[in-house]
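S.K.: Handing you this structure, nothing more for now.
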Amino acid sequence: MNQSVVSEFVFLGLTNSWNIQLFLFVFSSIFYVASMMGNSLIVFTVVSDSHLHSPMYFLLANLSFIDLGISSVTSPKMICDLFRKHKVISFRGCVTQIFFIHVIGGVEMVLLIAMAFDRYVAICKPLHYLTIMSPRVCILFSVASWVVGFMHSLVQLAFVVNLPFCGPNVLDSFYCDFPRFIKLACTDTYKLELLVSINSGFMSVGSFFILIISYIVIIFTVQKHSSSGSSKALSTLSAHVTVVVLFFGPVMFFYTWPSSYTHLDKFLAIFDAIVTPFLNPVIYTLRNQEMKIAMMRVFSKLMGCRQIFKHLNFEQT
Ligand SMILES: *[C@@H]1O[C@H](CO)[C@@H](O)[C@H](O)[C@H]1NC(C)=O
């Protein structure tokens, strides 16, 4: 980093229109607060309610935990910057954002694959579910997700950290990420851009296809044994598929289409930074009776309403 002359970067932001800025401010603030509260509530509920101590809910709590990170890497700065004329970020700040975006992205990908695997075992091999998805395997998945996330991010940063930056320092975006960041280095960056496209691009496209194929296998299995549980399984699966498409759609676009300098990618980035972490809790809880009951149980315990608590316990058994 010593060779760099550039010590800070300037964001152009999303738009200059005051009306759109106001709209984005209100919209992003509401979604940010809602997703922080929703995801914290899920983590708290799963950890504190022993009825939810099963692999599926542990993985869901891990996903919510990482969603807290997704919301916090880029959006608070984006919201604070909206009405600023001069939106700057230090060189370190910029590299830090890139680092955490990729750690969190890697963790999220592995967790989504683990959740698909969990549903595959539950639906296709129900008799072996408890032996395959043992507590050890769950912990292994959650450790693996962090290891993959850190490796994925470090490998890319290792190549970028020594790039010379001698200006210009203007990023047409509201956060730092590879394609635009690398373009600013004053050296031939063709190979680096390729490296990032291969690493991030293949990783996102690869996980997307693994997930879609595993869901197709599960759906075929569910349809073969058309039982009463199949509609419940399909509703769980459709929730998972929705989350996967919402998360991977924009990500695949960023890294496999880096030369597209349309404004579309900026608005897709808002979607991934603000809307996706909010939708996960909505999608997983609103359609999940067990989760809703557990949340009410946690609430009533906190409030000390023993009446409701008793009633809910009765309903469960
Ligand atoms: C993540 O998953 C592990 C393994 O099941 C679990 O022990 C841990 O409590 C989970 N973390 C959160 C934040 O829910």
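Derivation of every value follows stated rules applied to the coordinates shown; laboratory data play no part. Quick caveat: nothing in here was measured; it's all calculated off a predicted structure. So basically every Cβ, Gly included, is an ideal-geometry build from the backbone, and we count neighbours across all protein chains shown.
S.K.: Could you give me the radius of gyration and the Dmax of the chain, taking only the C-alpha atoms into account and expressing both in angstrom?
M.R.: When restricted to Cα atoms, the chain yields Rg and Dmax of 21.6, 69 Å.
S.K.: While we're looking at this one, here's another question. Would you mind calculating the gained length between Leu157 and Phe23 on full extension (0.36 nm times residue separation, minus the Cα-Cα distance), in nm to one decimal?
M.R.: Contour length minus the Cα-Cα distance gives 44.8 nm.
S.K.: Got a sec? Charge dipole of the chain, +1 on Cβ for Lys and Arg, -1 for Asp and Glu; which of Ser75, Asn162, Thr242 is way out at the positive end?
M.R.: The residue sitting most towards the positive pole is Thr242.
S.K.: Quick one: grab the alpha carbon gyration tensor of the range 1-106, order the square roots of its eigenvalues as a ≥ b ≥ c, and give me rounded if a/c is under 1.5, else prolate or oblate depending on whether a/b is larger than b/c.
M.R.: Values: a/c = 4.19, a/b = 1.64, b/c = 2.56.
It comes out oblate by the Cα gyration axes.
S.K.: Going highest first, how would you order 77-84, 101-108 by mean Cβ packing within 10 Å?
M.R.: Going by the mean number of other Cβ atoms within 10 Å, highest first, we get 101-108, 77-84.
S.K.: Continuing with the same structure: Given H placed on each backbone N at 1.01 Å, which residues far from Lys87 in sequence or on other chains put an amide H within less than 5 Å of it?
M.R.: So Lys87 has HN proximity to Phe11.
S.K.: Now for a separate question. Packing-wise, with mean Cβ within 10 Å as the measure, how do 213-222, 291-300 rank, highest first?
M.R.: Averaged packing, sorted descending, gives the order 291-300, 213-222.
S.K.: Which of the pairs Lys77/Lys301; Lys87/Lys183; Lys266/Lys292; Lys232/Lys266 have their Cα atoms more than 31 Å apart in this structure?
M.R.: Lys77/Lys301; Lys266/Lys292; Lys232/Lys266
S.K.: ³J(HN,Hα) across the range 185-197 via Karplus (A = 6.51, B = -1.76, C = 1.60, θ = phi - 60°), whole Hz, x for Gly/Pro?
M.R.: 5, 9, 7, 6, 9, 3, 5, 5, 4, 5, 4, 5, 4
S.K.: Determine the dipole magnitude for the chain: charges of +1 sit on the beta-carbon of Lys and Arg, -1 on that of Asp and Glu, nothing else is charged, the reference point is the Cα centre, and the result goes in debye to the nearest 20.
M.R.: Roughly 640 debye, rounded to the nearest 20.
S.K.: Which helices, counted as full DSSP H runs in the chain, have an axial Cα extent of no less than 18 Å and a Kyte-Doolittle average of -0.5 or above?
M.R.: Both cut-offs are met by 18-48, 55-81, 91-124, 135-160, 202-224, 230-256, 289-303.
S.K.: Obtain the nm distance between the two label points defined at Met37 and Leu234 by a simple spin-label model: each point lies 7 Å from its Cα along the Cα-to-C-beta direction.
M.R.: Spacing of the two 7 Å Cα→Cβ label points: 3.5 nm.
S.K.: Contact order normalised by length for the chain, with contacts defined as Cα pairs under 8 Å and 6 or more residues apart; what percent is it?
M.R.: Dividing the mean separation by the residue count of the chain yields 27 percent.
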